[in-house]
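The values are calculated or read from the model by the stated rules, or taken from the named source; none is laboratory data. Because the structure is a prediction, the values reported are computed rather than measured. Cβ coordinates were reconstructed from backbone atoms using ideal geometry, including for glycine residues, and neighbour counts include every protein chain displayed. With ligands, DNA and RNA removed, areas are computed over all heavy atoms of the protein, side chains included. Shrake-Rupley method; radii C 1.70, N 1.55, O 1.52, S 1.80 Å.
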Amino acid sequence: MKLGHRGANHQVKNQISQKVEITSQNHGFEVVRESLNKKEDVLIRPPIQAGDIWKIISEEKDISHILILDGYFYTKLSVLHKEILSAINQNKIVIGAASLGALRAKELNSYGMIGFGEVYDFYNRFPHTGDDEVGILHTDDMQYKNLSIPLINLRILLKKEKIINNKMKLYLSSLINRLEKVAFSKRTWQYIN
């Protein structure tokens, strides 16, 4: 991964203001397109949206696996459960991780979808975690830079006892409490500051 660890947010102390801030790390995985250019059997698509899986399985007859990492949640319709089940029924292996992929894997695990990663594990340990917890707004310019903070990243960080101290736990708890009260689209750095 060219951009380093992207599985949780990290605390950073601003040396000018002396405030502790949380860095925005997209909880999705980054696949460097150039690293896969030589692999003819790998297709890379933008964040998944409704209809994409049906399109893939109708156009790409030889495809055997579909990996869902991030997907649209707000500005476009999300990938449908029905289309994932359709792929599974056609003997495609469907795997989900990171953001929307982890959420769908949790929802469809009993139907054969495979899930992995910290976000997927969190949904398994805390099954009442809301869909909005993985929701983020991002730019739509093929860079997909975060414009909001996924609440689930803060919850996962809070559970990492070995890397945060009590002061940080209190800060994260109060931040989570504050962010829970607003729509995921409002969970921005501007809102926090």
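Surrounded by 14 or more Cβ atoms within 10 Å (Cβ to Cβ), of a type in the set (A, V, I, L, M, F, W, C), over 19 Å from Gln49 (Cα atoms) and in contact with a Phe, Trp or Tyr (Cβ under 9 Å, 6 or more places away or on another chain), is that true of Ile152?
yes
Take the residues in segment 140-187 that are in contact with a strand residue (DSSP E or B) (Cβ under 9 Å, 6 or more places away or on another chain) and of a type in the set (Ser, Thr, Tyr); name whichever of them is farthest from Leu103 (Cα to Cα).
By that ranking, first place goes to Tyr171.
Could you say whether any residue in segment 112-119 is within 30 Å of Asp62 (Cβ to Cβ) and over 16 Å from the mean Cα position of the chain (by Cα)?
yes
Given (1) at pLDDT 95 or above; (2) open to solvent by less than 70 Å² (accessible area, probe 1.4 Å), identify the lone condition not met by Asn89.
(2)
Of the residues that make up segment 167-190, is at least one without any contact (Cβ under 8 Å) to a residue 60 or more places away in the chain, among the aromatic types (Phe, Trp, Tyr) and exposed (fewer than 14 other Cβ atoms within 10 Å of the Cβ)?
Checked segment 167-190: no residue is without any contact (Cβ under 8 Å) to a residue 60 or more places away in the chain, among the aromatic types (Phe, Trp, Tyr) and exposed (fewer than 14 other Cβ atoms within 10 Å of the Cβ).
Mind telling me which of the residues Lys82, Lys106 ends up being open to solvent by 10 Å² or more (accessible area, probe 1.4 Å) and within 22 Å of Ile156 (Cα to Cα)?
Lys106
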